[in-house]
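Enquirer: Dropping a structure here in structure tokens format, bear with me for questions.
The values are calculated or read from the model by the stated rules, or taken from the named source; none is laboratory data. This structure is a prediction, so every number in the text was calculated from the model and none was measured. Cβ sites come from the backbone with ideal geometry, for glycine too, and all protein chains shown count toward neighbours.
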Amino acid sequence: EATLHVRRTSRIPVVLGDLTRLPFRSGVFDGVTSGETLEHLDDDAAAAREIGRVIRRGGRVVVTVPALRSLWSASDDYYEHRRRYSRRELTDLFRGAGLEVTKASFWGFPLVLTYDTLFMLPMNKRRARRQVSDDAALQSVARVGRSRFLVRLARALFAVDRLFSFIPFGPGLLMVARKPEE
């Protein structure tokens, strides 16, 4: 559905594929991003290897995933997550794919975690019980993205969260890696 929407509304080339078997030659991309996807896969190691395969030497990889098993909630069940990651698990995954991890840090504490707990978790519990339709929930998220005020507010909240980035805790992990030159 998202693929069709992007194809209809933009000039961005879209390829639908399997992250564990990408339909691209080796070493063709300068950069690869993977946002909140690995936790949905049975074989996240195969996906990490594929990312390592398609990135060129010296290329960069940016990955975000949900962090810390201790933060597992009904939202993880609703979104059909297979896992949450520790920093070590995520960095080991990509080192095992031949990449050098240059950064791995938690994000989203304290404000995003608070928002998730107070707003997203109750909504996902209602969605799981079918008291709120998936479409209605997605429409409300889309409205947020169209509101300049709410986008500015979200940026401000992320800026506050960055002040706490020295704390090794948060609902998400951000990892940056590069493929070695040799």
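Enquirer: For region 143-163, does any single residue satisfy the condition of being under 22 Å from A67 (Cα atoms), within 18 Å of the chain's Cα centre (by Cα), modelled with pLDDT under 80 and part of a helix (DSSP H, G or I)?
Expert: Yes, there is a match, as at least one residue in region 143-163 is under 22 Å from A67 (Cα atoms), within 18 Å of the chain's Cα centre (by Cα), modelled with pLDDT under 80 and part of a helix (DSSP H, G or I).
Enquirer: For the subset of region 33-83 comprising residues that are among the acidic types (D, E), assigned to a loop (DSSP other than H, G, I, E, B) and farther than 14 Å from L93 by Cα, which member is farthest from the chain's Cα centre (by Cα)?
Expert: Here is the first cut: in region 33-83, the residues among the acidic types (D, E) are 36, 39, 42-44, 50, 76-77, 80.
Narrowing further to those that are assigned to a loop (DSSP other than H, G, I, E, B): 36, 42-43, 80.
After this cut, where a residue has to be farther than 14 Å from L93 by Cα as well, the list is 36, 80.
Working: E36: 2, E80: 14 Å.
Once the filter is applied, the top-ranked residue is E80.
Enquirer: Is it true that some residue in region 3-14 is out of contact with any helix residue (DSSP H, G or I) (no Cβ under 6 Å at 6 or more places or on another chain), closer than 25 Å to E100 by Cα and among the hydroxyl-bearing types (S, T, Y)?
Expert: No, region 3-14 contains no residue that is out of contact with any helix residue (DSSP H, G or I) (no Cβ under 6 Å at 6 or more places or on another chain), closer than 25 Å to E100 by Cα and among the hydroxyl-bearing types (S, T, Y).
Enquirer: If you don't mind, another one. May I ask you to verify whether T102 is surrounded by 17 or more Cβ atoms within 10 Å (Cβ to Cβ), part of a strand (DSSP E or B) and not aliphatic (A, V, I, L, M)?
Expert: Working: surrounded by 17 or more Cβ atoms within 10 Å (Cβ to Cβ): no; part of a strand (DSSP E or B): yes; not aliphatic (A, V, I, L, M): yes.
Criteria not met by T102.
Enquirer: So for region 13-25 (the condition being touching an Asp or Glu at 6+ places or on another chain (Cβ under 8 Å), of a type outside the set (A, V, I, L, M, F, W, C), on the phi < 0 side of the Ramachandran plot and part of a loop (DSSP other than H, G, I, E, B)), does at least one residue qualify?
Expert: Taking region 13-25 as the starting set, the residues that turn out to be touching an Asp or Glu at 6+ places or on another chain (Cβ under 8 Å) are 19-22.
Next, only the ones that are of a type outside the set (A, V, I, L, M, F, W, C) stay: 20-21.
Now restrict to residues that are on the phi < 0 side of the Ramachandran plot: 20-21.
Subset that is part of a loop (DSSP other than H, G, I, E, B): 20.
The answer is yes; a qualifying residue exists.
Enquirer: Are any residues in region 4-23 β-branched (V, I, T) and more than 20 Å from the chain's Cα centre (by Cα), and if so, which ones? It would help to see each step written out before you state the result.
Expert: Taking region 4-23 and keeping what is β-branched (V, I, T), we get 6, 9, 12, 14-15, 20.
T9, I12 - these are the residues of region 4-23 that are β-branched (V, I, T) and more than 20 Å from the chain's Cα centre (by Cα).
Enquirer: I'd like the full set of residues that are surrounded by 14 or more Cβ atoms within 10 Å (Cβ to Cβ) and either of a type in the set (G, A, S) or modelled with pLDDT of 65 or more (or both), limited to region 127-142. Give the derivation first.
Expert: So the first thing to find is which residues in region 127-142 are surrounded by 14 or more Cβ atoms within 10 Å (Cβ to Cβ), and the list is 127, 132, 137.
Answer for region 127-142, where residues must be surrounded by 14 or more Cβ atoms within 10 Å (Cβ to Cβ) and either of a type in the set (G, A, S) or modelled with pLDDT of 65 or more (or both): R127, A137.
Enquirer: Also, I was wondering about something else. From the set of residues in region 168-182 that are exposed (fewer than 11 other Cβ atoms within 10 Å of the Cβ) and either more than 30 Å from V54 (Cβ to Cβ) or among the charged types (D, E, K, R) (or both), which is modelled with the highest pLDDT? Step through it out loud before you land on a result.
Expert: Restricting attention to region 168-182, the residues satisfying the condition of being exposed (fewer than 11 other Cβ atoms within 10 Å of the Cβ) are 180-182.
Now drop any that are not either more than 30 Å from V54 (Cβ to Cβ) or among the charged types (D, E, K, R) (or both), which leaves 181-182.
Numbers: E181: 95, E182: 82.
If we take residues in region 168-182 being exposed (fewer than 11 other Cβ atoms within 10 Å of the Cβ) and either more than 30 Å from V54 (Cβ to Cβ) or among the charged types (D, E, K, R) (or both), then E181 is modelled with the highest pLDDT.
Conditions tested, residue by residue: (1) surrounded by fewer than 18 Cβ atoms within 10 Å (Cβ to Cβ); (2) among the β-branched types (V, I, T); (3) out of contact with any Ser or Thr (no Cβ under 6 Å at 6 or more places or on another chain).
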{"position": "A47", "(1), (2), (3)": "no, no, no"}
{"position": "V62", "(1), (2), (3)": "yes, yes, no"}
{"position": "R69", "(1), (2), (3)": "yes, no, yes"}
{"position": "D76", "(1), (2), (3)": "no, no, yes"}
{"position": "Y79", "(1), (2), (3)": "yes, no, yes"}
{"position": "R87", "(1), (2), (3)": "yes, no, yes"}
